[in-house]
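The values are calculated or read from the model by the stated rules, or taken from the named source; none is laboratory data. As the structure is a prediction and not an experimental result, all values here were calculated from the model. Here the Cβ positions follow ideal geometry from the backbone for every residue, glycine too, while neighbour counts run over all protein chains shown. When the accessible area is computed, the model is the full protein with side chains, heavy atoms only, and any ligands, DNA or RNA have been set aside. Shrake-Rupley method; radii C 1.70, N 1.55, O 1.52, S 1.80 Å.
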Amino acid sequence: MGFVKIELLKTFLEVARTLHFRIASETLFITQSAVSARIKLLEDELGVLLFDRSQKQLKITPEGHRLIKHANELIFMWKKAKQDVALVDNDIELLSIGSMMSIWDIALQAWLNKISKNIEDIGFMTKTHSPLELRKNLINGVIDIAFTFDSPVIDEFITEKVTAVPLHLVTTNPEATIDFKQLTDFIMVDYGESINLQYLREYPDAPPAKHFMSQPKVALDFILSNGGSAYLPRQLAIKYVNDKSLYLVDTAPVFSREIYALYLAKSHKEALIKKTLHYFPEIIYK
């Protein structure tokens with residue numbers, strides 16, 4: 001994958017994002033004709049049309065939609081390769097880390113900070129993926145280590161439980177108790193199937209959640225602005241509990257979400273990965 005083709009893919013992604021050749025050219029600091037030429041060159045190389053130009057509004061073709069994911073992965077791989085090569089002379093090892101967004105919010109930022117303070121000769125590349133993308137990119141070498149809520153049984157992977165995260169019921173209503181009638185505007189945060197099942201067992205008669213959100217940080221920001229309640233990681237909520245912006249529902253059951261690290265069984269970075277995983281606390285409280 002050469003530099004020229006990477007530039008073609010970057011141009012394609014910008015046009016796909018803006019759906020406008022002129023706006024893409026301004027963002028990329030090249031002429032509109034150069035953008036058009038790059039897209040035409042990429043289409044000729046692939047033998048497909050990436051954009052439907054027949055209407056007033058530019059539209060992405062089905063082939064274009066399929067290319068978006070591959071283009072992002074190829075660009076990330078190119079960045080990883082350049083960074084890895086550049087760090088060799090400085091005796092720095094690069095660790096490419098992939099994770100679901102919610103795990104970044106819960107645990108990984110603090111983990112990176114610890115590693116940075118304790119391991120000098122290490123560089124990071126980070127990326128957010130869905131669980132399916134994490135497994136695929138791990139196998140393909142796009143990332144070196146992945147973090148998930150689940151522990152897949154795959155022969156090629158080594159799976160290690162790195163921490164457990166307590167999930168507490170919090171609310172903006174200081175009068176709330178375990179009685180869900182007082183917990184208005186409940187947000188169901190997606191922590192995976194095991195937590196959903198625990199919730200249904202504990203609250204069989206609870207009214208349906210008003211909102212469903214995939215990221216605890218989004219749910220936290222929402223209830224701070226609009227009121228409501230949700231199960232949130234203690235370390236995300238504790239600051240707001242202390243300043244009385246949120247209230248713990250002490251009588252509510254506390255759930256626990258385990259986080260797993262996955263990496264290839266034959267990874268040449270196994271020693272580095274194990275060294276970094278040492279900096280996870282067994283249970284994250286703060």
If you go through region 220-229 one residue at a time, do you hit one that is of a type in the set (D, E, K, R), open to solvent by 30 Å² or more (accessible area, probe 1.4 Å) and touching a strand residue (DSSP E or B) at 6+ places or on another chain (Cβ under 7 Å)?
no
Please determine whether any residue of region 40-57 is open to solvent by less than 40 Å² (accessible area, probe 1.4 Å), over 29 Å from the mean Cα position of the chain (by Cα) and without any contact (Cβ under 8 Å) to a residue 12 or more places away in the chain.
yes
Residues that are at pLDDT 80 or above and aliphatic (A, V, I, L, M): list the strands (runs of 3 or more DSSP E) wholly contained in region 139-217 that include at least 2 such residues.
145-148, 157-171, 186-189
Would you mind telling me which numbered condition in (1) among the basic types (K, R); (2) touching a residue at least 40 places away in the same chain (Cβ under 8 Å); (3) open to solvent by 20 Å² or more (accessible area, probe 1.4 Å) R257 fails?
(3)
Residue count, region 95-122, condition surrounded by fewer than 20 Cβ atoms within 10 Å (Cβ to Cβ), touching a strand residue (DSSP E or B) at 6+ places or on another chain (Cβ under 7 Å), not in a helix (DSSP H, G or I) and not charged (D, E, K, R), comes to 1
Among (1) within 26 Å of the chain's Cα centre (by Cα); (2) modelled with pLDDT of 90 or more; (3) surrounded by fewer than 17 Cβ atoms within 10 Å (Cβ to Cβ), where does A16 come up short?
(3)
State whether one or more residues within region 238-246 are modelled with pLDDT under 90, in a loop (DSSP other than H, G, I, E, B) and over 22 Å from K161 (Cβ atoms).
no
